[in-house]
Amino acid sequence: KAGVTQTPRYLIKTRGQQVTLSCSPISGHRSVSWYQQTPGQGLQFLFEYFSETQRNKGNFPGRFSGRQFSNSRSEMNVSTLELGDSALYLCASSSGLAGLSSYNEQFFGPGTRLTVL
Amino acid sequence: DQQVKQNSPSLSVQEGRISILNCDYTNSMFDYFLWYKKYPAEGPTFLISISSIKDKNEDGRFTVFLNKSAKHLSLHIVPSQPGDSAVYFCAASEEGYNFNKFYFGSGTKLNVKP
């Protein structure tokens with residue numbers, strides 16, 4: 001079974017630009033969550049998509065948005081990039097089925113390292 | 001506001017000894033907790049979890065303890081091996097509608113010395 005894939009793996013942008021990151025979940029998984037990892041802050045939850053709908057949202061500004069396609073692939077977009085957006089962006093897939101968290105182990109991709117200059 | 005905190009950014013342990021990683025949380029609604037392990041250039045991988053109805057869960061060398069009254073959980077690794085050297089994250093979530101929204105700590109970097 002193929003794991004979670006994220007593209008691109010590395011990205012360098014300048015302030016003010018916008019960026020789109022992509023995540024392909026494990027086959028059969030319908031939930032994709034996005035996290036931002038920065039030194040000292042750990043992983044911070046951005047949002048979760050399930051069946052093409054945003055189901056959960058973290059406390060990030062509206063510059064951060066996402067979407068999910070019918071094949072469960074997800075994209076995350078950051079507009080008007082700021083220096084502080086430099087981070088590792090991780091996506092995680094799970095079955096996302098309603099029920100206990102214990103039924104929804106999350107599998108993470110390797111991440112996209114975004115550097116904003 | 002960090003709802004899940006790992007106050008020790010790093011821990012160094014001798015091979016064969018016990019490693020104890022700690023995690024505190026502030027939200028009393030959290031009732032499911034997990035530990036993840038992360039190697040450089042890889043995404044986190046699930047290690048072990050515990051539900052709030054238990055106070056201990058064991059899986060091989062890894063044991064997680066939960067103290068709900070203190071809002072504290074810990075991960076014990078016995079015996080520690082050099083391959084355990086990685087960053088460990090604890091995470092928490094609430095059951096119910098937000099069950100797939102996880103709050104992570106900032107991580108503890110474990111170094112197991114041969």
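By counting other Cβ atoms within 10 Å of each Cβ, how are A:His29, B:His72 ranked from fewest to most?
Details: A:His29 20, B:His72 13.
Exposure proxy ranking, most exposed first: B:His72, A:His29.
With a 10 Å radius around each residue's Cβ, average the other Cβ atoms per peptide and rank A:45-55, A:61-71, B:38-48, highest first. The partial results should precede the final answer.
Values: A:45-55: 18.6, A:61-71: 13.8, B:38-48: 16.1.
Final packing ranking: A:45-55, B:38-48, A:61-71.
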Report the label-to-label distance for A:Glu82 and B:Glu15 in nanometres (one decimal), using points 7 Å from each Cα along the Cα→Cβ vector. 4.6
Considering the alpha-carbon set of chain A alone, what are its Rg and its Dmax in angstrom? 13.6, 43
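Within 10 Å of each Cβ of A:48-55, how many other protein chain Cβ atoms are there on average?
Working: counts 4, 0, 1, 0, 0, 0, 0, 5.
Mean number of neighbouring Cβ atoms from other chains: 1.
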Per-residue Cβ counts within 10 Å, from other chains only, averaged over B:26-35: what number is that? 1
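How well do other chains shield peptide A:33-41, expressed as the mean number of their Cβ atoms within 10 Å of each residue Cβ?
3
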In chain B, lysine pairs 8 or more places apart or on different chains with C-alpha atoms under 21 Å apart total 22
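Take the Cα gyration tensor of segment B:1-93, multiply each eigenvalue by 5, square-root it, and list the three semi-axes largest first, rounded to whole angstrom.
Working: eigenvalues 92, 44, 30 Å².
One finds semi-axes of 21, 15, 12 Å for segment B:1-93.
Only the coordinates and a few stated rules stand behind these numbers; no lab work does. Source: prediction; values computed, not measured. Every residue, glycine as well, gets a Cβ built from its backbone with ideal geometry; the counts of neighbours run over all protein chains shown.
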